[in-house]
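The values are calculated or read from the model by the stated rules, or taken from the named source; none is laboratory data. Treat the numbers as computed from the prediction; the structure is a model and nothing was measured. Here the Cβ positions follow ideal geometry from the backbone for every residue, glycine too, while neighbour counts run over all protein chains shown. Just the protein is used for accessible areas: all its heavy atoms, side chains included, with ligands, DNA and RNA removed. Shrake-Rupley method; radii C 1.70, N 1.55, O 1.52, S 1.80 Å.
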Amino acid sequence: MTVRIAIEDLPPEARRAIERGDSVEVERDGEIVGRLEPDFTPASGWERFLEIRHEAPQLDHDDFIEDLKLVRSLLNQPAPLGPWAP
């Protein structure tokens, strides 16, 4: 017999574990009586990055160049002196 439980009905820590691809052990009186196993292999960090990048809108190269110019101008400023400076 199989019982189907919605993932929303599980405790938050069990949901997070399954969503990470980890298994969840069910215990009674300190003895393991069952195990919940995810039915998928989670994507690696690089694979997940590529998925997110693929779903994201196209980059605006002109905005990117402007962002680089702003960062360069901020990085080329002298660092403020701290309270310990003479």
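Of note:
- Helix content alone sets the calculated 222 nm mean residue ellipticity of the chain: runs of n ≥ 4 DSSP H residues at -39500 (n - 2.57) each, divided across all residues, give -12500 deg cm²/dmol.
- Exposure of residue 75 as accessible area (Å², to 10), given a probe of 1.4 Å and all protein chains: 130
- Loop-resident chymotrypsin sites (Phe, Trp or Tyr not before Pro) (DSSP state other than H, G, I, E or B) in the stretch 9-86 with no more than 14 further Cβ atoms inside 10 Å of their Cβ: 40, 84.
- At a probe radius of 1.4 angstrom, the accessible area of the chain per residue rounds to 97 square angstrom.
- Carbon and sulfur %, accessible surface of the chain computed with the full protein complex present, 1.4 Å: 56
- Taking amide H atoms as placed 1.01 Å from N in the peptide plane, the amide H of residue 36 lies under 5 Å from those of 24, 25, 26, each 5 or more residues away in sequence or on another chain.
- Estimated dipole of the chain in Debye, rounded to 20 [Cβ of Lys and Arg +1, of Asp and Glu -1, Cα centre]: 340
- Neighbour-limited loop hits for trypsin sites (Lys or Arg not before Pro), the stretch 1-82 (at most 11 other Cβ within 10 Å; DSSP other than H, G, I, E, B): 4
- Kirkwood hydrodynamic radius over Cα pairs of the chain, then Stokes diffusion coefficient at 20 °C and 1.002 mPa s, in µm²/s: 115
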